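Peer 1: I have a structure here, written as structure tokens, and I will follow up with some questions on it.
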Amino acid sequence: MIKISIEVKSGAARFKVASQAESIEGALEIAKRYNSGKECKVVFPIDPEGFFVGDDLGRGGVVGKIAV
């Protein structure tokens, strides 16, 4: 499992979420599913220390909102 930050934009509003999945593409798809109709982008650079994580969420999901 991996964990990455995703920036979510809706008009002038924007925030970041942490998403966990089996792949970067999977994490982005999960973020898009939870934030339907909003623009979602992977935040680079990816944090190498927090990239690989345990399987705490089962098959993946949105871990939480990150302050911008």
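The values are calculated or read from the model by the stated rules, or taken from the named source; none is laboratory data. The structure displayed is predicted, hence computed values, not measured ones. Just the protein is used for accessible areas: all its heavy atoms, side chains included, with ligands, DNA and RNA removed. Shrake-Rupley method; radii C 1.70, N 1.55, O 1.52, S 1.80 Å.
Peer 1: Suppose the chain between E25 and A12 were pulled fully straight at 0.36 nm per residue; how much longer would it get relative to their current alpha carbon spacing?
Peer 2: Numbers: separation 13, 0.36 × 13 = 4.68 nm, distance 2.51 nm.
Going from the current span to full extension adds 2.2 nm.
Peer 1: Using a 1.4 Å probe, how large is the accessible area of E29, given in Å² and rounded to the nearest 10?
Peer 2: Here the residue's solvent-accessible area equals roughly 90 Å².
Peer 1: Given the whole protein assembly as supplied and a 1.4 Å probe, what does the accessible area of V42 come to in Å², nearest 10?
Peer 2: Answer for V42: close to 30 Å² accessible.
Peer 1: Work out how far the C-alpha atoms of the stretch 1-48 reach from end to end along every principal axis, then list the three figures in whole Å, largest first.
Peer 2: 30, 20, 12 Å, listed from the longest principal axis down.
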